[in-house]
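One structure is given below, encoded as structure tokens.
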């Protein structure tokens, strides 16, 4: 078999394939052997049906040859794709050009292939990272949260403010006549509520701020879970504030492993710095991909977007099934319509496809290769997950035609690593950031 590929308009390739007569004869004989086993002809055992009988049953030699060509073309097409190293993204349009009656067989297959995109300026990308410095406000907030675990509630006579714990009686009445029913699920007495938490409806916090014990107020709000408006009546019965313990060495020794406030705050500052570093590392990966994607200006084939979208929906359904939830229930819980949700998924799919194409382009631009040792390492990792040997994994991937995809994925991963190592890093003020500042003390990070 011989195959050549020539570009066509619309990001398509014409694959011209010629199958030698000997190969075609062998394919025809294989079809005859299969039909001989499968046909049930009186007087003949399975596998012993003569060719002339098979030809007669199929409608003659020409019909039998047509059947052989029909069955074997997909295999010859797959071989031709592999030999020419094409990357099809759609089903081919196949046309037999000669040999449908006798001799060698030739066919053309026009197929859309994965496009090559440009990434101009990829060598000068700049990524902005979040600030690595820990502010005094962050440290104070962290210390106060720790103090709050040993704080005590004390009654106050002043007006309510955020953070106070108030005891209220709350009664809700459905306004909609279409939503008539028992309102008991909207009533609560001696309900303890933290002001500013947004735990009921936003309007409740607005009304409570500045209120005093004994105040009664009403307001209307739309409760999303019910899908309609509710009229609320609230009585403020009690107001308490959280009194924090004194910030001294005695408290620090009781609340932590440290003897002094200074040692405790120094440890908190270091932990917060390590957290900032981890967040910056995550931002570096994400923003590098986003910057690379912005370089892609070509139109993306819809086939790639649809396939990515299909995989995302499949993965989501699988996760939801594991949680005992349907897609409809998920949409209801998130307050989104199906069209809105699909629009979000599609936008993400487009970005993912562009990132994939851009990384493929970077592999070519930087001549990034995968060594045999690196491939073996990847196959070993796959084998460990699947509890299979490396040779078994390789054999299965080759049989499924997926080994090239594994190579491609590993090359893209190396391209991503190259890009991360070569983008310019700045902080939010535009000042350069050293990669040394992104190193994490793994021991301390693990202890968090």
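The values are calculated or read from the model by the stated rules, or taken from the named source; none is laboratory data. Computed from a predicted structure; not experimentally measured. Every residue, glycine among them, receives a Cβ derived from its backbone with ideal geometry; neighbour counts consider all protein chains shown.
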* Asked: Mind checking which residues of the range 1-26 are touching a residue at least 60 places away in the same chain (Cβ under 8 Å), closer than 20 Å to residue 69 by Cα and not in a strand (DSSP E or B)?
  -> 1, 20, 21, 24
* Would you point out which residue out of 50, 46 is loosely packed, with under 13 Cβ neighbours inside 10 Å and over 52 Å from the mean Cα position of the chain (by Cα)? => 50
* Asked: Filter the range 228-246 for residues that are surrounded by 14 or more Cβ atoms within 10 Å (Cβ to Cβ) and under 41 Å from the mean Cα position of the chain (by Cα); which is modelled with the lowest pLDDT?
  -> 229
* **Selected residue (criterion: surrounded by the most Cβ atoms within 10 Å (Cβ to Cβ)) from residues of the range 165-205 that are at positive phi and either modelled with pLDDT under 85 or under 42 Å from the mean Cα position of the chain (by Cα) (or both)** => 196
* Quick one: in the range 285-304, which of the residues that are touching a residue at least 12 places away in the same chain (Cβ under 8 Å) and over 16 Å from residue 359 (Cα atoms) is surrounded by the most Cβ atoms within 10 Å (Cβ to Cβ)? -> 301
* For residue 269, indicate whether it is in contact with a helix residue (DSSP H, G or I) (Cβ under 6 Å, 6 or more places away or on another chain) and within 30 Å of residue 425 (Cβ to Cβ). => yes
* Out of 353, 440, 393, 423, which single residue is touching a residue at least 40 places away in the same chain (Cβ under 8 Å), surrounded by 13 or more Cβ atoms within 10 Å (Cβ to Cβ), in contact with a helix residue (DSSP H, G or I) (Cβ under 6 Å, 6 or more places away or on another chain) and within 30 Å of residue 75 (Cβ to Cβ)? -> 353
* Right, residue 269: surrounded by 13 or more Cβ atoms within 10 Å (Cβ to Cβ), over 19 Å from the mean Cα position of the chain (by Cα), under 30 Å from residue 435 (Cα atoms) and at pLDDT 90 or above or not? -> yes
* Among the residues of the range 208-219, how many are in contact with a strand residue (DSSP E or B) (Cβ under 8 Å, 6 or more places away or on another chain) and either surrounded by 13 or more Cβ atoms within 10 Å (Cβ to Cβ) or assigned to a loop (DSSP other than H, G, I, E, B) (or both)? -> 8
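Yes/no per residue for (1) touching a strand residue (DSSP E or B) at 6+ places or on another chain (Cβ under 8 Å); (2) modelled with pLDDT under 90; (3) over 30 Å from residue 302 (Cβ atoms):
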residue	(1), (2), (3)
113	yes, no, no
118	no, no, no
123	no, no, yes
126	yes, no, yes
129	yes, no, yes
134	no, no, yes
143	no, no, yes
147	no, no, yes
* **Test result for residue 430, loosely packed, with under 12 Cβ neighbours inside 10 Å, at positive phi and touching a strand residue (DSSP E or B) at 6+ places or on another chain (Cβ under 9 Å)** => yes
* Asked: Based on what the data block shows, is residue 41 surrounded by 13 or more Cβ atoms within 10 Å (Cβ to Cβ) and either touching a strand residue (DSSP E or B) at 6+ places or on another chain (Cβ under 9 Å) or free of Cβ contacts under 8 Å to residues at least 24 places away in the same chain (or both)?
  -> yes
* Answer with yes or no whether residue 277 is part of a strand (DSSP E or B), in contact with a helix residue (DSSP H, G or I) (Cβ under 8 Å, 6 or more places away or on another chain), surrounded by 14 or more Cβ atoms within 10 Å (Cβ to Cβ) and in contact (Cβ under 8 Å) with a residue 12 or more places away in the chain. => no
* Asked: Is it true that some residue in the range 247-265 is part of a helix (DSSP H, G or I), within 40 Å of the chain's Cα centre (by Cα) and modelled with pLDDT of 95 or more?
  -> yes
